[in-house]
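Enquirer: This is the structure I want to talk about, given as structure tokens.
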Amino acid sequence: MPLSKFAHLLYPSDTSFLPVLGNQAYDVQVFDCTGNLIDRIEITRPHDGHANAIDAKLVIETGLGAARTCDFGGQMAPLTPWIIDIAKRKSIKDYSDCTLVLVAASDPPFDMELPVFEKHCERVVDELKKITFRAKRTFLSVPALDKCFRIED
């Protein structure tokens with residue numbers, strides 16, 4: 001699912017993708033229209049697994065999950081520490097033959113929140129640019145904006 005949210009932003013429409021299961025340093029192989037391997041992608045989706053587990057348990061027990069609120073356009077705020085943490089952990093690994101994509105899966109903002117939400121995403125990108133990655137290129141994918149921010153080449 002995360003691949004389908006950003007692939008059209010980074011690759012031509014005639015590109016094909018092959019998910020690869022296993023313990024290698026990438027999740028997807030990318031092929032051009034003639035079948036030549038042109039890239040590999042490592043996808044990571046930072047999230048608060050503990051909070052998600054508690055919420056899932058609450059849904060099972062009561063039929064309702066926890067209510068979450070945020071400031072106007074602040075949907076990225078709870079994800080930001082997770083994004084920065086996973087980015088730092090990914091930065092010590094060698095992805096030199098891969099495109100590294102951090103997926104910021106947040107609730108979509110209302111139209112009137114878009115400018116504030118996008119500014120917050122840009123601040124996250126500024127923080128990510130302070131990290132040195134060993135990757136062919138690095139992006140922050142924000143499906144709620146249908147946008148990929150380039151972190152480094």
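Bear in mind that the values in this text are calculations on the coordinates, not laboratory data. No experiment lies behind these values; they were computed from the predicted model shown. Using ideal geometry, Cβ is built from the backbone for each residue, glycine included, and neighbour counts are taken over all protein chains shown.
Enquirer: Taking segment 112-153, which residues are under 19 Å from Thr69 (Cβ atoms) and free of Cβ contacts under 8 Å to residues at least 24 places away in the same chain?
Expert: Once the filter is applied, which keeps residues that are under 19 Å from Thr69 (Cβ atoms) and free of Cβ contacts under 8 Å to residues at least 24 places away in the same chain, segment 112-153 yields only Met112.
Enquirer: Additional query: I need the full set of residues from segment 39-67 which are in contact with an Asp or Glu (Cβ under 8 Å, 6 or more places away or on another chain) and loosely packed, with under 13 Cβ neighbours inside 10 Å, in order please.
Expert: Ala66
Enquirer: Could you grab me the full set of residues in segment 66-91 that are without any contact (Cβ under 8 Å) to a residue 24 or more places away in the chain, under 30 Å from Asn23 (Cα atoms) and of a type outside the set (D, E, K, R)?
Expert: Pro81
Enquirer: Restricting to segment 20-38, count the residues that are exposed (fewer than 11 other Cβ atoms within 10 Å of the Cβ) and either within 18 Å of the chain's Cα centre (by Cα) or assigned to a strand (DSSP E or B) (or both).
Expert: Qualifying residue count for the region: 1.
Enquirer: Does any residue of segment 39-62 turn out to be within 22 Å of Arg134 (Cα to Cα), hydrophobic (A, V, I, L, M, F, W, C) and free of Cβ contacts under 8 Å to residues at least 12 places away in the same chain?
Expert: no
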